[in-house]
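The values are calculated or read from the model by the stated rules, or taken from the named source; none is laboratory data. Quantities reported herein were computed from a predicted structural model and do not represent experimental measurements. Virtual Cβ from ideal backbone geometry, glycine too; neighbours counted across all protein chains shown.
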Amino acid sequence: MESFISFLNTVTSADRIGFVCLCLAFAIVLEAFIPLFEFKGQKFKHVTRNLVFVLTTGVVTIVLAYLAFEVIRIEDYGYGLLNLVTLPVWVEMLLSLIVLDFFGQYFIHVCLHHNKWLWKLHLVHHSDHKVDTTTANRHHPLESFIRFGFTLFGVFIIGANMGIVMLYQSLSLVLTQFNHANIKLPKKLDLFLSYFIVSPDMHKTHHHYRLPYTDANFGNIFSFWDRLFGTYLPFDREKLVYGVDVFFDEEANGKIKTLLKQPFQTYSKPTLAPETEIK
């Protein structure tokens, strides 16, 4: 286990980029063979547009990780709970993954939905009307900065080293590509997986266009956070409608310039009651 963590410490930025490309390619292949929905028209344009945000998310994350661990070298300061006790490596790894998943994914995700300005940032992600694996990292660059800040806070709390942080980021990437992918697993398998990790059906409920489903199923790696905090909701995947009720113009949602300006637009409250349908 220690040798594995040591190996992760040697992973370069080029290795990370290669891993991202590999995950994307694998998910796209799965989407071709077991699609949940048959999206019609302009598939290449949709993927290309989302890949712009994948690129900006990747650049922001890599640059900030380099500054944190290579320039500032936060590991050398001895912060965090793991520096106060001696535990087996596998226990340190598991505790670190749990803490980082909470701060870097679940907690900040809840904040993004319940703060007006943060929600306007996060609309870039939710305004995709054809959710697939490229949607996973369709984030406004400012959101990427904020998300990394919360991950870094988790690093200070638990005291994880660079190798464990790399493991967390790798698992987070695999799971977010997996649970956003436009794939249709057998329902019993998806349900079984959802008791341990965030499955595709569980997360896609979160991308339904209206409340209360938009404000549910916030997890990314571990699914128990939503059950623990009462934010888990099931939904019939066949009835999913992607997008957001207050920003339902698919043409506008497809323009990168419009999406980049979204955080600076006027906040709009949700307009649809639970029984209302978009015509």
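Limited to the stretch 97-136, what total is found for residues that are at pLDDT below 95, of a type in the set (S, T, Y) and either in contact with a Phe, Trp or Tyr (Cβ under 7 Å, 6 or more places away or on another chain) or surrounded by fewer than 23 Cβ atoms within 10 Å (Cβ to Cβ) (or both)?
Qualifying residue count for the region: 1.
Tally the residues that are hydroxyl-bearing (S, T, Y) and within 23 Å of Q169 (Cα to Cα), restricting the search to the stretch 194-226.
Here the count works out to 4.
Just need a number here: residues in the stretch 137-157 that are part of a helix (DSSP H, G or I) and either of a type in the set (K, R) or farther than 22 Å from K257 by Cα (or both).
Within the stretch 137-157, residues that are part of a helix (DSSP H, G or I) and either of a type in the set (K, R) or farther than 22 Å from K257 by Cα (or both) number 11.
Does D215 satisfy the condition of being among the acidic types (D, E) and touching an Asp or Glu at 6+ places or on another chain (Cβ under 8 Å)?
no
Might you check whether a residue that is in contact (Cβ under 8 Å) with a residue 24 or more places away in the chain, under 16 Å from the mean Cα position of the chain (by Cα) and more than 30 Å from L36 (Cα to Cα) occurs anywhere in the stretch 79-93?
no
Would you mind finding the one in T231, T176 that is at pLDDT 95 or above and of a type in the set (S, T, N, Q)?
None of the others qualify; the one that does is T231.
Specify which of the listed residues (T231, T205) is touching a residue at least 24 places away in the same chain (Cβ under 8 Å) and assigned to a helix (DSSP H, G or I).
T205
What are the residue pairs meeting all of these: first residue in the stretch 118-136, first residue assigned to a loop (DSSP other than H, G, I, E, B), second residue among the charged types (D, E, K, R), Cβ atoms under 7 Å, and 6 or more apart or on different chains?
So the pair list comes out as D128/R138; H129/E250; V131/K204; D132/E31.
Only one residue in F192, F196, F156 is closer than 22 Å to E31 by Cα, more than 13 Å from the chain's Cα centre (by Cα) and of a type in the set (F, W, Y), so which one is that?
Exactly one residue qualifies, and that residue is F192.
For the stretch 1-88, list the helices (runs of 4 or more DSSP H) that sit wholly inside it and hold at least 1 residues that are modelled with pLDDT of 85 or more; which are they?
13-33, 43-66
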